[in-house]
1. I'd like the full set of residues that are within 20 Å of the chain's Cα centre (by Cα) and surrounded by 21 or more Cβ atoms within 10 Å (Cβ to Cβ), limited to the stretch 177-199.
2. Which one of the conditions (1) in a helix (DSSP H, G or I); (2) in contact with a Leu (Cβ under 7 Å, 6 or more places away or on another chain); (3) crowded, with 17+ Cβ neighbours inside 10 Å does V164 fail to meet, given that it meets all the rest?
3. In the stretch 76-91, what residues are more than 18 Å from A215 (Cβ to Cβ) and either hydroxyl-bearing (S, T, Y) or modelled with pLDDT of 80 or more (or both)?
4. What is the number of the single condition among (1) touching a residue at least 24 places away in the same chain (Cβ under 8 Å); (2) touching a Ser or Thr at 6+ places or on another chain (Cβ under 8 Å) that V230 does not meet?
5. Any residue at all in the stretch 33-43 that is at pLDDT below 90 and either of a type in the set (A, V, I, L, M, F, W, C) or surrounded by fewer than 21 Cβ atoms within 10 Å (Cβ to Cβ) (or both)?
6. So how many residues does the stretch 28-48 have that are more than 17 Å from the chain's Cα centre (by Cα) and farther than 14 Å from Q177 by Cβ?
7. Is it the case that some residue within the stretch 216-228 is of a type in the set (G, A, S), within 15 Å of the chain's Cα centre (by Cα), surrounded by 20 or more Cβ atoms within 10 Å (Cβ to Cβ) and over 21 Å from V156 (Cβ atoms)?
8. Which one is surrounded by the most Cβ atoms within 10 Å (Cβ to Cβ), of the residues in the stretch 1-31 that are at pLDDT 90 or above and not aliphatic (A, V, I, L, M)?
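The values are calculated or read from the model by the stated rules, or taken from the named source; none is laboratory data. Everything quoted here is computed from the prediction, not taken from an experiment. Here the Cβ positions follow ideal geometry from the backbone for every residue, glycine too, while neighbour counts run over all protein chains shown.
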Amino acid sequence: MAIVFALISAFAYGISDFLGGLFSKGASAWQIAVVGQSSSAFFALLVGLFIGGDPTTSDWAWAGLAGLGSGFGAAFLYRGLSRGRMGVIAPISAIGSALVPVAIGLILGERPSTLAVVGVALAFPAIYLISQVVETAPTAEGGIVDGVLAGLGFGVMFAMLGQVESESGLLPLALTQVVAVLSVIVTATVLRASWVPRDRAAFRALLMGPLGVAATGAFLFATHHGLLSVVSVIAALYPAATVVLASVVLHERIHANQAVGLAIAVLAIALVAAG
């Protein structure tokens with residue numbers, strides 16, 4: 001069950017990234033981030049109130065820290081993308097988002113099975129290969145730094161969400177999204193980037209709200225049924241969904257390295273599930 005939830009999370013994150021990329025063609029990526037995260041906060045609150053739960057003070061604290069990580073990661077992801085460094089930032093950020101929770105899980109005493117360990121190990125090159133795109137601009141150190149910082153942010157989000165107890169329901173996710181919005185706004189302000197949604201096209205990102213809730217909610221459920229060090233790596237395979245959607249909807253060609261990455265990802269998932 002944990003792997004199923006982790007795959008749902010990866011799929012939802014992948015669709016959200018795909019839509020974010022499309023919407024960013026008509027509006028500032030910062031505006032897209034603010035509108036999308038705000039929409040996620042609204043839907044998380046609605047779903048959380050409907051499902052109910054009994055979150056503790058520590059659950060709220062972990063959720064708030066997850067929001068800081070999410071907003072921090074999104075801020076540097078979008079800064080990297082605004083520099084045209086997709087081929088640099090995407091693979092680094094995706095791998096970073098998996099490395100942090102894996103390390104935290106192992107530190108907390110998680111010990112995956114041998115097959116699961118092999119699957120997790122295979123997932124990292126899969127993530128890297130799937131995330132590769134044709135880089136039109138020259139690689140720069142700034143793109144690498146943005147990728148590392150984005151990966152650390154998303155990794156912190158995964159690790160902190162993994163500490164939220166199952167009895168809390170989904171209400172803490174609303175706090176996660178609210179804090180993420182504030183974090184993006186603060187970072188954009190510091191970087192002197194325009195984040196206020198002035199373009200009508202930016203409000204298309206409202207569609208990303210339910211996807212954000214599905215992604216974080218499914219990941220939360222996955223951590224309640226499996227090891228953080230395992231499910232976080234499966235969730236970090238989200239670039240696969242983005243690549244496949246780009247191929248099907250936009251008719252973008254899947255490059256050889258991406259095809260190899262997709263094949264390795266399937267093998268990794270099978271090994272983790274078998275373990």
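1. Q177, V178, V179, A180, V181, S183, V184, T187, A188, listed by residue number.
2. (1)
3. Correct list: F76, S82.
4. It is condition (2) that V230 fails.
5. yes
6. Selection size over the stretch 28-48: 2.
7. Scanning the stretch 216-228 turns up no residue that is of a type in the set (G, A, S), within 15 Å of the chain's Cα centre (by Cα), surrounded by 20 or more Cβ atoms within 10 Å (Cβ to Cβ) and over 21 Å from V156 (Cβ atoms).
8. Among those residues, the one meeting the criterion is S9.
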